[in-house]
Amino acid sequence: MNYRHHFHAGNFADVVKHVLLQGLLDSLGRKDTPYCYIDTHAGLGFYDLGASEAQRTLEFKSGLARVKLAAPEGMPAWVVDYQKAVVALQVERGGFWYPGSPWLALHLMRPQDRAIFMELHPEDAATLRTNFSRKDQAAVHQRDAYEGLTALIPPKEKRGLVLIDPPYEEERDDYAPVVELLKKAHAKWPTGVYALWFPIKDYHAITRFYRRLRNTGIPKMLATELNVLPPDNSLGLNGSGMIIVNPPWQFSDVAFRTLKWLRPVLSDHPQSSMKVEWLTAETAPAAAPRDDE
Ligand code: SAM
């Protein structure tokens, strides 16, 4: 396990992921009944952008710094709220900090809601535990998401969101292990909302990933993408995406408007692009498994 999120905190992919997370948690918070938020790959919880890790890569300049400079006119509500959350963390801790998904979730949760954070890296899990030691709404598990998630669902609240955000060290190519995890989790808890983040490098692999996802037979699956570079660029991370299973009502329309606004903010490239598209409809029939998948 070499991946450390501190080097990437606040980059363009983090911004898109956390803005969409903001939108999902916003919707869950509209009903009074409690929900459970499960973060399968939690990281540290929040990040010091002044620390050597973030300063070495300066990746936050491709994300957070661009959003901060954007003109406020027409800024979508999820982005406004996300920016407010970043400011709240910076005021809370004093300095140049960036909220990871656990901090953002705890910031948005009400007293009746609950969070479960899984993190496999022993040092990062220890930091995460220390970072939230005073938050009795959150439980930290040093645990492998690939066995932990299915053991922990369905939560007693019966309502909630699972964020699946792996580092893609072992989930390379067309991301078969995460599709398998999503399939198993959905079989145990079909009404949960799932948000699965993925990097976009080689677009042929993404096409295969989408085919794998369709072949699971999971209905109500939405794909969102924001590509800051053209898809045929072979140098590195061209974009990122999020698969959302059981998205809240009207989520797809708001996500479309939000990503449309974010695209030119996060990229100057004329061939940057965004997409919000249903992979499977409300009542997708179970697809027959294919031999090669
Ligand atoms: N979700 C975080 C956020 O948005 O702030 C970032 C998470 S980072 C992309 C992925 C994290 O997953 C890393 O901290 C890594 O140590 C952890 N990790 C890697 N393999 C894991 C596994 N099998 N189970 C749980 N955590 C894992």
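The values are calculated or read from the model by the stated rules, or taken from the named source; none is laboratory data. Just so it is clear, the model here is predicted, and its values are computed rather than measured. Note that we place each Cβ from the backbone using ideal geometry, even for glycine, and neighbour counts take in every protein chain shown. Heavy atoms of the whole protein, side chains included, go into the accessibility calculation; ligands, DNA and RNA do not. Shrake-Rupley method; radii C 1.70, N 1.55, O 1.52, S 1.80 Å.
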**Prompt:** When you look at residue 9, is it within 12 Å of the ligand (Cβ to nearest atom) and over 19 Å from residue 89 (Cα atoms), yes or no?
**Reply:** no
**Message:** For the list (1) part of a helix (DSSP H, G or I); (2) in contact with a strand residue (DSSP E or B) (Cβ under 8 Å, 6 or more places away or on another chain), I need the number of the one condition that residue 147 fails.
**Reply:** (2)
**Request:** Would you point out which residue out of 129, 172, 159 is more than 12 Å from the ligand (Cβ to nearest atom) and under 18 Å from residue 103 (Cβ atoms)?
**Result:** 129
**Prompt:** Here are 80, 19: which of them is within 27 Å of residue 114 (Cβ to Cβ) and either touching a Ser or Thr at 6+ places or on another chain (Cβ under 7 Å) or surrounded by 15 or more Cβ atoms within 10 Å (Cβ to Cβ) (or both)?
**Reply:** 19
**Prompt:** Do you know which residues across segment 261-276 are closer than 8 Å to residue 228 by Cβ and either in contact with a Phe, Trp or Tyr (Cβ under 8 Å, 6 or more places away or on another chain) or modelled with pLDDT under 95 (or both)?
**Reply:** 266, 267
**Asked** Would you call residue 123 part of a helix (DSSP H, G or I), among the charged types (D, E, K, R) and within 16 Å of the ligand (Cβ to nearest atom)?
**Response** yes
**Fill in**
Within segment 111-138, residues in contact (Cβ under 8 Å) with a residue 24 or more places away in the chain and open to solvent by 40 Å² or more (accessible area, probe 1.4 Å) come out as 111, 112, 114, 120, 127, 131, 135, 137
**Message:** Only one of 28, 69, 49, 58 is more than 9 Å from the ligand (Cβ to nearest atom), on the phi > 0 side of the Ramachandran plot and surrounded by fewer than 24 Cβ atoms within 10 Å (Cβ to Cβ). Can you tell me which?
**Reply:** 58
**Item:** Where a residue in segment 165-194 is under 23 Å from residue 24 (Cα atoms) and without any contact (Cβ under 8 Å) to a residue 40 or more places away in the chain and its partner, wherever it lies, is open to solvent by 20 Å² or more (accessible area, probe 1.4 Å) and outside any helix (DSSP H, G or I), with Cβ under 7 Å and at least six apart
**Value:** 179/216; 183/216; 188/154; 189/154
**Request:** Report, by residue number, each residue of segment 235-251 that is in a loop (DSSP other than H, G, I, E, B) and under 19 Å from residue 11 (Cα atoms).
**Result:** 235, 236, 237, 238
**Message:** Going by what's in this entry, would residue 145 be described as more than 12 Å from the ligand (Cβ to nearest atom), within 23 Å of residue 28 (Cβ to Cβ) and in contact (Cβ under 8 Å) with a residue 24 or more places away in the chain?
**Reply:** no
**Fill in**
Picking from 181, 163, 237, the residue that is within 30 Å of residue 132 (Cβ to Cβ) and modelled with pLDDT under 95 would be 237
**Asked** Looking at segment 90-105, which of its residues are part of a helix (DSSP H, G or I) and surrounded by fewer than 21 Cβ atoms within 10 Å (Cβ to Cβ)?
**Response** 90, 91, 92, 93
**Item:** Selection status of residue 137, in contact with a Lys or Arg (Cβ under 6 Å, 6 or more places away or on another chain) and more than 15 Å from the ligand (Cβ to nearest atom)
**Value:** yes
**Asked** Which residues, taken from segment 13-50, are over 12 Å from the mean Cα position of the chain (by Cα) and hydrophobic (A, V, I, L, M, F, W, C)?
**Response** 28, 36, 44, 46, 49
**Asked** Does segment 102-115 contain any residue that is more than 30 Å from residue 150 (Cβ to Cβ), within 16 Å of the ligand (Cβ to nearest atom) and either in contact with a helix residue (DSSP H, G or I) (Cβ under 8 Å, 6 or more places away or on another chain) or of a type in the set (D, E, K, R) (or both)?
**Response** no
